[in-house]
1. Each residue of the stretch B:238-251 in order: what ³J(HN,Hα) in whole Hz does its phi give by Karplus 6.51 cos²θ - 1.76 cosθ + 1.60, θ = phi - 60°, with x for Gly and Pro?
2. For label points placed 7 Å from Cα toward Cβ, what is the shortest-first list of nm distances from A:Q136 to its copies?
3. Tell me which of B:V28, B:G269, B:F162 sits at the most positive position along the dipole axis of chain B, charges placed on C-beta atoms (Lys, Arg +1; Asp, Glu -1).
4. At 0.36 nm per residue, minus the direct Cα-Cα distance, what do B:R194 and B:E264 gain on full extension? Give it in nm, one decimal, please.
5. Residue by residue through B:69-79, how many Cβ atoms from other chains fall within 10 Å of the Cβ on average?
6. From other protein chains only, count the Cβ atoms within 10 Å of every residue's Cβ in B:95-104, then give the mean.
7. State the extension gain, in nm to one decimal, for the chain segment bounded by B:S14 and B:E101, taking 0.36 nm per residue of separation less the distance between their alpha-carbons.
8. List the distances, in nm to one decimal, from the label point of B:K160 to the label points of the same position in every other copy, shortest first, placing each label point 7 Å from Cα along the Cα-to-Cβ direction.
Protein chains: 2
Amino acid sequence: MANIRDLAKMAGVSVTTVSRVLNHHPYVSEEKKKAVLEAIKATNYHKNINAVHLSKGKTKLIGVVLPFSDHPYFALLLKGIAKQALENNYKLVLFQTDYMESREMEALQMLEQKQIDALIICSRSCGLSIIKEHLQFGPIILCENMKGHQISSTFVNHYKIFFDALMYLYQKGHKTIGYCIGRKSGANSWNRDRAYRDFLKKYGLPYYPEYVFDQCFHFEDGEKVIDQIKKMDKPPSALLVTSDQVAAGIVICCQKHQIAIPGEIAIIGFDNEPISRMMNITTVEIPLVEMGENLFRQAVSGEISNHEISVKLIERGTV
Amino acid sequence: MANIRDLAKMAGVSVTTVSRVLNHHPYVSEEKKKAVLEAIKATNYHKNINAVHLSKGKTKLIGVVLPFSDHPYFALLLKGIAKQALENNYKLVLFQTDYMESREMEALQMLEQKQIDALIICSRSCGLSIIKEHLQFGPIILCENMKGHQISSTFVNHYKIFFDALMYLYQKGHKTIGYCIGRKSGANSWNRDRAYRDFLKKYGLPYYPEYVFDQCFHFEDGEKVIDQIKKMDKPPSALLVTSDQVAAGIVICCQKHQIAIPGEIAIIGFDNEPISRMMNITTVEIPLVEMGENLFRQAVSGEISNHEISVKLIERGTV
């Protein structure tokens, strides 16, 4: 493959002149420009963008870490990030991690090696200290409250959302409330657990570990929840389900087993995905696409900021 | 930032020696190695991987073009691609196109500029001639039958699948069959249309344009289909729905409007997503994750190949 020196030799001009023509700079005579363009044509020369990145120190690539790309929660965040990336002429490098820390490390290493300009971490397994060590290499944006940590973030207040939703159910007469989450670890799950325990304490209600259902990610996981509930002597009368997909799966399963909603069990979903509207599921609306757009803006801004996104309860037919 | 020349100067060795140390080559004396490692430490030097790419001509990045990342069909293809990328130590660059040709062009330009090693196009708007022009810059893999075109592909036989499913419905007594697709344009849609018309011709059945529902991508699009069907004097007695998500949306809507399935309308979905199993929807199983894995393997193999993936009808309760 021809390089810039070959072009200069062929066109009988300096390397600087070739560079000027390639980068559309002014102050090149028409004659020299013509000679360079002919050399480019003759050698079928293509600018190697890695050389441009090397000289400019920017790749226009933003890394995105997410555990699963086939889960609507992350797919909607990704949609928002991708929308802004497109408008701002950036590309995305995707790291699908399955919550494996080694895969998160690969993303952080790409930031270190300047293969990406910034990194958005939608959900993580690695410790905060590892994130902090890598901040020197470029912006890292998280999806959890990072106020006071000198790390940018876009987040919802999981503690308050959970507490408010539990209060709403309590005011509707529910005293035995369970909840479904993805994983038990992680900052967001920890805040939800804290809200749940504080709620129980406030009303002097007992904590039943079997009322906490984890590994609830997908529609089909609703089946597992109902299978477990059917075996209980004292099943919960209401469930907070941190994904509309899982909530929809639970509703379908209850129909199958003729369990009345909200009569026998009340359900609150999360996200306000279209499936919740169509299935008339009460849900907490989280503007995921908007959150994704904000994550992108923070990734390219270069300034540290923390944005709390507000949510709202959409009352429908499952409570 | 220190570069390799600074390191050489500081360590009192040649640039070649620094390079050998950085790339773990043998034949460097322990003394010189130590001096270089100390200079690296002192300058907090980090290898700029763009320089490595420039010298090796490989980025270990594979581009993936898809119209939407928040649609289960593409999310499952992406899952398979990402799974193999991880196992083979590649990263993915995502191009979410909304079927805009300009965005597909950006992906092709990244291949041309050597920012990615290969490009997987899950669905496209651009013409085949544009794809062919870019094959000189690296492998491009498509999700449609490319036999005889010198382009690698992993695909299902949309003509045969559609024809077989129509025959199945016909044998169950259906003579007025409609179908739901994403977009009317595109090679796959064109093959389905051909199968539909050939089926009608075979049995001397009339073609009703209102029986073809396009823009059916998501769960919520099922509502639109049922709204239109309810207004028809002569509604179809069966629907082929090229997405389980849309099929599930149709089933939920029929429940709401007390339209009996399969009594008043029979439904065949596509993909065999978990939602179809849980909602007992008859569907055509398409192994999307496996297809994604195969697309990746073709992207890195460097050889042109065409793989037809077989599908099967899963009989459940909606026909």
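The values are calculated or read from the model by the stated rules, or taken from the named source; none is laboratory data. As the structure is a prediction and not an experimental result, all values here were calculated from the model. Note: ideal-geometry Cβ built from the backbone for every residue, glycine included; neighbour counts use all protein chains shown. Only protein heavy atoms, including side chains, enter the accessible area calculation; ligands, DNA and RNA are left aside. Shrake-Rupley method; radii C 1.70, N 1.55, O 1.52, S 1.80 Å.
1. Ordered by residue, 3J(HN,Hα) equals 8, 10, 8, 10, 6, 7, 4, 4, 5, 4, 5, x, 5, 4 Hz.
2. Copy-to-copy label distances for A:Q136: 4.6 nm.
3. B:V28
4. Extending this stretch completely gives an extra 22.5 nm.
5. Mean number of neighbouring Cβ atoms from other chains: 6.
6. 2
7. Between B:S14 and B:E101, full extension yields 26.4 nm more.
8. 5.9
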